[in-house]
Structure formats: structure tokens, C-alpha cells
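A.B. asks: Here you go, one structure.
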Amino acid sequence: MDIGVDLVEAYLRLNGYFTVSEFEVLRETTPDNYQTVTDVDIIAVRFPGPIYIADSHGKGESPSLLVEDPTLQLEDDTVDVIIAEVKQGEAVFNPGLTNHHTLHTVLQRVAWLYQDGVHQIARDLEKGLVCYQAEPVDRKVRTRLVAFGRSPVNDLHTISLTHVFEKMIGQFEEYGDALRAAQFKNPAAALIRLLVKTGFEIRKDSHRQSE
């Protein structure tokens, strides 16, 4: 797996998302013949509600264990679905990701979320990179495309790898005691945890803060 994909997947999981990585999109070219059109770096779904590093099992949640990242712009009553492109270079979308067939195939995997099916959702994503389903009120869904990579800004559709890296370091520093018992098989998360645990201070050069 690409190390950038590995890093972003670990970041999303720490922030409460269920993820699938390197999802292959297939197309039938002729009867009984298929080819891979593209692969989607990450599909992530997060259900509404606070996420805590550890579960106290009915003893009252500790605010100190609450995981929050305002950059993700989560909404209290809305499922967040992210279809992600991960770049080690500039945070941009490949044309293959914004293709209707690709989006339709990906959305079929979470089709239960959408009251009226996925066809219009895919069309809205093609046009505007985001789609909001407001009805029914107990199943609000925001579906969006997000590019992770080198970027001077973080917004609804772009998150820099610098932010991802710094946020994960901060979480390991803040929740070190709670995370000590966790086993991280994800290589990116395991390396960051090891560096923090052994006392390394990892900070970006101030001259490159815009990337």
C-alpha cells in the first residue's frame, strides 16, 4: 500500500471512520471480459456522534478522551461519506475518480444510506464534489470527494498531508496513556507512535508551512 494512503487511512480511523482502501473499480468491456478502470484510494464512512479513544462502558465518558478535528467539518446529525484521492504531491483529483461509472460503483457499496438510490448522488458529485441528503431526517448523509496531499489550505474537499501528520502526532502525544494498549498494524500509525513514544519531536520547517 502507498505510504500516503496508509497515513490518511490511519488518520480517518482515529477520527471515527470505517474505511476501505485501494478499492478496484471494474468494467465489463465485452461480454465476459473485464478490466480495472481505476482504484479508489480510500472510501470512508463516519456515523454521527462523538468518538472517544477508549470506552468507559457506562461509567461516563471522559471529555479528555474525546477525539475532535474541526478540519473534517463534521455535522452532529449527519453521516459523513468520503471518497478520497491521496497524493504525495499536489492535492488534486484524478479524472478517473470523478468519472460517473467510478462514483456509481463506489456508492453502490454504501447504497443503503441513500433513500433514492445512488444515480443522482453520483451526478451531483460529478458536478459539485459534494451531495447532501436531507431526507429522511433520521438518515441525513453528506457525501463528498476529498483530495489529500500538498496544499496550502484545508477545506471541505482538500486536506493537506501536513495537517494529517501533525494531527496524528498530536493525538499520540495527547492520548499516549490510552493508546499504549492499542496494537497498530498500520505501518504509518505504528511509526508515528514509535517516534512519539521514544521522545522524538517532529515539526515541519517553518519556511514550508504552506504545503
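A.B. asks: Check off (1) part of a helix (DSSP H, G or I); (2) free of Cβ contacts under 8 Å to residues at least 24 places away in the same chain; (3) loosely packed, with under 15 Cβ neighbours inside 10 Å for residue 185 and give me the number that stays unchecked.
C.D. replies: It fails just one condition, (1).
A.B. asks: Further, regarding this structure: Quick check on region 30-61: of everything there that is hydroxyl-bearing (Ser, Thr, Tyr) and either assigned to a strand (DSSP E or B) or touching a strand residue (DSSP E or B) at 6+ places or on another chain (Cβ under 7 Å) (or both), which residue is modelled with the highest pLDDT?
C.D. replies: 38
A.B. asks: Go over the candidates 135, 75, 85 one by one and state the one that is of a type in the set (D, E, K, R), under 24 Å from residue 52 (Cα atoms) and either touching a residue at least 60 places away in the same chain (Cβ under 8 Å) or out of contact with any helix residue (DSSP H, G or I) (no Cβ under 7 Å at 6 or more places or on another chain) (or both).
C.D. replies: Exactly one of 135, 75, 85 is of a type in the set (D, E, K, R), under 24 Å from residue 52 (Cα atoms) and either touching a residue at least 60 places away in the same chain (Cβ under 8 Å) or out of contact with any helix residue (DSSP H, G or I) (no Cβ under 7 Å at 6 or more places or on another chain) (or both), namely 75.
A.B. asks: Which of (1) buried (at least 16 other Cβ atoms within 10 Å of the Cβ); (2) touching a Ser or Thr at 6+ places or on another chain (Cβ under 9 Å); (3) at pLDDT 95 or above does residue 74 not meet, given it meets every other one?
C.D. replies: All conditions pass for residue 74, except number (2).
A.B. asks: Okay, next question. Sort out which residues of region 90-125 are free of Cβ contacts under 8 Å to residues at least 60 places away in the same chain, closer than 16 Å to residue 140 by Cα and in a loop (DSSP other than H, G, I, E, B), and write them in order of number.
C.D. replies: Once the filter is applied, which keeps residues that are free of Cβ contacts under 8 Å to residues at least 60 places away in the same chain, closer than 16 Å to residue 140 by Cα and in a loop (DSSP other than H, G, I, E, B), region 90-125 yields 114, 115, 116, 117, 118.
A.B. asks: For region 7-21, which residues satisfy the criterion of being surrounded by fewer than 19 Cβ atoms within 10 Å (Cβ to Cβ) and in a helix (DSSP H, G or I)?
C.D. replies: 13
A.B. asks: Criterion first (under 21 Å from residue 84 (Cβ atoms) and touching an Asp or Glu at 6+ places or on another chain (Cβ under 6 Å)) does residue 188 satisfy it?
C.D. replies: yes
The values are calculated or read from the model by the stated rules, or taken from the named source; none is laboratory data. Note that the structure is a prediction, hence the values are computed from the model and not measured. All Cβ positions, even for glycine, are placed from backbone atoms using ideal geometry, and neighbour counts span all protein chains on display.
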